[in-house]
Amino acid sequence: MLSSRIGTEHEKFGFEFGSLRPMKYEQIAELLNGIAERFDWDKIMEGDKIIGLKQGKQSISLEPGGQFELSGAPLETLHQTCAEVNSHLYQVKAVAEEMGIGFLGIGFQPKWGIKDIPVMPKGRYDIMRNYMPKVGSLGLDMMFRTCTVQVNLDFSSEADMIRKFRAGLALQPIATALFANSPFKEGKPNGFVSMRSHIWTDTDKDRTGMLPFVFDDSFGFEQYVDYALDVPMYFVYRKHRYIDCTGKTFRDFLDGRLPCIPGELPTLNDWENHLTTIFPEVRLKRYLEMRGADGGPWRRLCALPALWVGLLYDDASLQSVLDLTADWTPEERLMLRNKVPVTGLKTPFRDGLVKHVAEDVLQLAKDGLERRGFKESGFLNEVAEVVRTGVTPAEKLLDLYHGKWEQSVDHVFEELLY
């Protein structure tokens with residue numbers, strides 16, 4: 001299976017050490033320039049503004065509220081993945097610490113309101129920011145106040161894609177529970193273990209969710225394309241700028257019927273851009289993206305790809321996952337997707353709890369990693385404890401908040417500092 005690669009992405013919140021306020025764009029620009037000069041990255045510009053970096057197949061980019069994202073290279077083993085994360089965190093810290101900036105590994109901004117968060121100078125985000133309130137109540141929270149860790153995995157054929165897509169969708173709520181790490185909002189408990197996951201349920205119904213059609217017998221590449229063609233567009237990129245095309249579908253574009261650029265027909269690049277504006281729990285591109293997990297501390301950034309590699313890159317484990325989830329109904333999958341952000345591993349499922357499903361799933365992931373033969377199963381230690389106790393990372397933070405922290409959320413900036 002060595003041709004199958006592992007691509008890991010994670011986001012984190014930068015903040016000023018004294019005030020705990022979000023890092024401003026000017027500070028981000030200084031940080032990006034510093035990393036570029038010291039560690040030999042190439043700068044990515046939009047107009048005269050630095051908006052990211054790249055080095056080989058790795059890139060650093062900015063989410064709408066300045067969340068700092070590493071998109072890792074496609075790597076062969078989880079040892080390489082975890083080394084890449086640690087190297088990145090070392091580089092970021094080396095420059096940021098001198099600036100009085102720290103980084104926080106959590107799924108939702110614990111302290112500040114939307115009005116406190118700076119807006120990044122990226123054209124596509126202006127378009128999204130105007131459109132979001134028209135289609136859901138939490139889209140701006142998604143843009144400005146969430147962080148995730150995700151893994152991108154290969155498929156070898158259409159049939160292989162279908163198996164992995166189904167396994168990934170069915171078990172995504174299990175991953176959401178294991179990595180749940182967003183219990184605070186504006187200084188108080190928010191009623192969720194994963195508020196980040198909940199936010200996706202009211203961001204934009206047209207482009208999110210559990211994609212029940214993936215489980216239809218007729219499902220394949222063509223059905224995903226049909227789905228994506230009917231997802232309303234955000235923008236078209238022309239002459240170095242983003243043109244607002246919200247409300248029209250890609251199907252309209254194929255017919256030359258976009259009022260924003262009348263008569264023009266799409267390029268393959270337009271299609272690739274459009275596919276990045278769809279946000280289901282598992283997303284199909286030339287690879288599959290597992291999108292259900294909250295951001296967290298570095299060990300969890302290594303554990304998330306480990307979980308999915310063990311489940312999906314080992315044939316026996318993948319088959320066991322498909323057998324385990326074969327009789328789950330669309331209603332049950334949706335129930336898990338909606339309830340897990342609130343009750344985590346304690347969510348009732350059939351005659352037990354999600355914790356009991358997670359026990360089986362963790363064992364399959366461990367077995368899968370062991371059969372791969374690269375001694376990678378240690379990367380699951382971080383989630384093994386969560387499964388054993390049934391206590392999500394978020395619930396540990398809530399215990400601290402109500403106990404040692406005396407109901408001050410400020411301590412989380414220390415607890416989850418990289």
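Some values worked out for this structure:
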read-out: Cβ-Cβ FRET estimate between ARG21 and THR267, R0 fixed at 30 Å, reported to 0.05; value: 0.15
read-out: Solvent-accessible surface (1.4 angstrom probe) belonging to HIS356, in square angstrom, nearest 10; value: 90 Å²
read-out: Accessible surface, the stretch 227-324, averaged per residue in Å² (probe 1.4 Å); value: 39 Å²
read-out: Convex hull of the stretch 1-85 built on C-alpha atoms - directionally averaged projected area, nm²; value: 6.6 nm²
read-out: The stretch 125-271 - Debye-derived log10 I(q)/I(0), Cα point model, q = 0.16 Å⁻¹; value: -1.10
read-out: Size-normalised alpha-carbon gyration radius of the stretch 370-418, reference 2.2 N^0.38 Å; value: 1.56
read-out: Spacing of the two label points (7 Å from each Cα toward its C-beta) at LYS115 and GLU98, in nm; value: 3.7 nm
read-out: Heavy atoms of ARG124: accessible area, 1.4 Å probe, square angstrom to 10; value: 50 Å²
read-out: Percent of Cα-Cα distances greater than 13 Å, calculated over the stretch 68-112; value: 64 percent
read-out: Taking the convex hull of Cα positions in the stretch 281-355, its mean projected area over all directions (nm²); value: 6.2 nm²
read-out: Stokes-Einstein D in µm²/s, Kirkwood radius over Cα pairs - the stretch 217-327 at 4 °C with 1.567 mPa s viscosity; value: 78 µm²/s
read-out: Gap separating the Cα centres of the stretch 355-418 and the stretch 173-215, nearest whole Å; value: 17 Å
read-out: HIS402-LYS239 FRET efficiency (beta carbon distance; Förster radius 60 Å; 0.05 resolution); value: 0.65
read-out: Alpha-carbon centroids, the stretch 1-41 and the stretch 286-315: separation in whole Å; value: 20 Å
read-out: Calculated diffusion of the chain, Stokes-Einstein form, Kirkwood radius summed over Cα pairs, 20 °C and 1.002 mPa s, µm²/s; value: 98 µm²/s
read-out: Where TYR287, TYR131 fall by accessible area, highest first, once all protein chains stay in place (1.4 Å); value: TYR287, TYR131
read-out: Å² per residue, accessible surface of the stretch 136-226 at 1.4 Å; value: 31 Å²
read-out: Computed over the stretch 205-282, Cα set: Rg, Dmax in Å; value: 13.1, 42
read-out: Dimensionless Rg ratio for the stretch 87-194, taking C-alpha atoms and the 2.2 N^0.38 Å reference; value: 1.35
read-out: Selected from GLN150, GLN363, GLN172 as most flexible by GNM, with the chain as the system and alpha-carbon contacts under 10 Å; value: GLN363
read-out: Computed helical MRE - 222 nm, the chain, DSSP H runs ≥ 4 contributing -39500 (n - 2.57), nearest 500; value: -13500 deg cm²/dmol
read-out: Among 154-161, 135-142, the order from most to least packed when residues are scored by Cβ within 10 Å on average; value: 135-142, 154-161
read-out: Accessible area of the chain belonging to carbon and sulfur atoms, whole % at 1.4 Å probe; value: 51 percent
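The values are calculated or read from the model by the stated rules, or taken from the named source; none is laboratory data. This is a predicted model, so every value here is computed, not measured. Reconstructed Cβ throughout: ideal geometry from the backbone, glycine too, with neighbour counts over all protein chains shown. Ligands, DNA and RNA are excluded from the accessible area calculation, which covers all protein heavy atoms including side chains. Shrake-Rupley method; radii C 1.70, N 1.55, O 1.52, S 1.80 Å.
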